[in-house]
1. When both residues are 6+ apart or on different chains and their Cβ atoms are under 9 Å apart, which pairs have a first residue that lies in the stretch 6-20 and is closer than 15 Å to Ser57 by Cβ and surrounded by fewer than 15 Cβ atoms within 10 Å (Cβ to Cβ), and a second that is of a type in the set (Gly, Ala, Ser) and at pLDDT below 95?
2. May I ask you to list the residues in the stretch 21-51 that are aromatic (Phe, Trp, Tyr) and surrounded by 12 or more Cβ atoms within 10 Å (Cβ to Cβ)?
3. Just wondering, is there one or more residues in the stretch 19-27 that are outside any helix (DSSP H, G or I), at pLDDT 95 or above and touching an Asp or Glu at 6+ places or on another chain (Cβ under 7 Å)?
4. Looking at the stretch 52-63, which of its residues are touching a residue at least 12 places away in the same chain (Cβ under 8 Å) and open to solvent by less than 70 Å² (accessible area, probe 1.4 Å)?
5. When you check Ala51 against the structure, is it at pLDDT below 95 and touching a helix residue (DSSP H, G or I) at 6+ places or on another chain (Cβ under 8 Å), yes or no?
Amino acid sequence: MRTFADVRKLLKQFGTVIYTGDHLGDCELILDELREMKAYGMIDADTYRMAVMIVKSSQQRQA
């Protein structure tokens, strides 16, 4: 996983599609979803950390 699109693909594998038209809002929703996925054991800690890093980096570029 290397890009924001890869994070979206990860979520889509679990049936989650997030697109509101507001990139920063999408990032917040994606971070919430990633937290829940990790809490329920759907993704491992390494995948979670990488995805969060990518999303936060994307947020900073858009801000």
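The values are calculated or read from the model by the stated rules, or taken from the named source; none is laboratory data. Just so we're clear, the structure is a prediction, and the values are computed from it rather than from any experiment. As a convention, Cβ positions derive from the backbone with ideal geometry for all residues, glycine included, and neighbour counts pool all protein chains shown. Calculation scope for accessible area: heavy atoms of the full protein, side chains included, ligands and nucleic acids excluded. Shrake-Rupley method; radii C 1.70, N 1.55, O 1.52, S 1.80 Å.
1. Close Cβ pairs satisfying both conditions: none exist.
2. Going through the stretch 21-51, the residues aromatic (Phe, Trp, Tyr) turn out to be 40, 48.
The answer is Tyr48, and nothing else.
3. Checked against the condition, which is being outside any helix (DSSP H, G or I), at pLDDT 95 or above and touching an Asp or Glu at 6+ places or on another chain (Cβ under 7 Å), the stretch 19-27 yields at least one hit.
4. Selection gives Val52, Ile54, Val55, Ser58, Gln59.
5. Values: at pLDDT below 95: no; touching a helix residue (DSSP H, G or I) at 6+ places or on another chain (Cβ under 8 Å): yes.
So Ala51 fails the test.
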